[in-house]
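Taking it in order: structure first as structure tokens, then the write-up.
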Amino acid sequence: MTKWSGTMGHYCTSRALYSIQDIAVERNHIHQPKSRILKMIHIFFYVSFLFFSSHAAVQDFCVANLKGPESPAGYSCKKPAEVTVDDFVFSGLGMSGNTTNIFKVAVIPAFVPQFPGVNGLGLSMARLDLALDGVVPTHTHPGASELLLVMQGSILAGFISSANRVYMKTLHKGDIMVFPQGLLHFQVNAGAIPATAFATFSSPSPRLQITDFALFGNNLPSKLVVKTTFLDLAQVKKLKAALGGTGRSMT
Ligand SMILES: *[C@@H]1O[C@H](CO)[C@@H](O)[C@H](O)[C@H]1NC(C)=O
């Protein structure tokens, strides 16, 4: 909850804290022996309230000043006088990106770097196109949950819980599926035509880590990748070559 999550989030959070605080205060009058614990709870919520208050929405929006650094709370705000309607409009999701790549996939992000108006608002979008046999390999968005809406074709989508349980289904036009924040997930074209979907993320900066690249597109010596993955050396070298890993010669 360290991120500034917009007016609504702040409002709801403050209200929830108020009501819990009120209950604590009421009980304090009735049960005197527990008063010390309740007083501590009271102080805890009071401090929490001050903490959340410091993130109060004091302006209508905070369009990203992309020239500055990105902090955990997002970018700093562009000067209001320099903000235009185009900061709140992203026009790039009307057409498929280029799916000529090993995954046969194109993703067009409308995250904060492309769409500065979402800064501080806790959401962003992307377009996903899967050519025939296309796949978004297993990946995570460390910073966001994802809602996927299928617009064309069929997509076999799934995620893997931290208990290693798979939740997987073939989605068709009009279906949406949610992928909880941080969990590994994938999307595969399961139809006979190209598939298109739109994804909404619960962060302006969802971030993306693709497991294949994390494991084999890095610069760990192949010998260590063999140790950490239980694959044999030839397979590791093949994957490193395909996924742009270095350290292949350091066996
Ligand atoms: C799509 O990407 C491929 C591979 O990078 C490239 O050869 C091709 O020209 C691109 N097509 C378009 C329409 O940009």
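List of remarks:
- Applying 1/(1 + (r/R0)^6) with R0 = 30 Å to the Cβ-Cβ distance of A241 and I160 gives a FRET efficiency near 0.65.
- Once the Cβ-Cβ distance of M95 and L183 is raised to the sixth power relative to R0 = 35 Å, the FRET efficiency obtained is 0.70.
- Among the listed pairs K169/K240; K173/K238; K104/K169, those beyond 32 Å (Cα-Cα): K173/K238
- Remark: spin-label model distance Q114-F88 equals 2.1 nm, labels positioned 7 Å along the Cα→Cβ axis.
- Residues I108, I193 arranged by fewest to most Cβ contacts within 10 Å: I193, I108
- Taking the fewest neighbouring Cβ atoms within 10 Å as the starting point, the ordered list for S154, S222, S71 is S71, S154, S222.
- Gain upon complete extension [L224, Q152; 0.36 nm per residue less C-alpha separation]: 21.7 nm
- Nitroxide proxy distance, nm - points 7 Å out along Cα→Cβ at I102 and A81: 5.1 nm
- Model label sites at L233 and A73, defined 7 Å from Cα along the beta-carbon direction, differ in position by 5.3 nm.
- Residues T246, T196, T100, T140, ranked from the fewest to the most other C-beta atoms within 10 Å, line up as T100, T246, T196, T140.
- Length gained on full extension, D212 to L66: 49.6 nm, using 0.36 nm per residue less the C-alpha separation.
None of the figures in this text is laboratory data; all of them are computed from the coordinates on show. Since the model is a prediction, treat every value here as computed from it, not as a measurement. Heads up, the Cβs are rebuilt from the backbone with ideal geometry, glycines too, and the neighbour counts pull from every protein chain shown.
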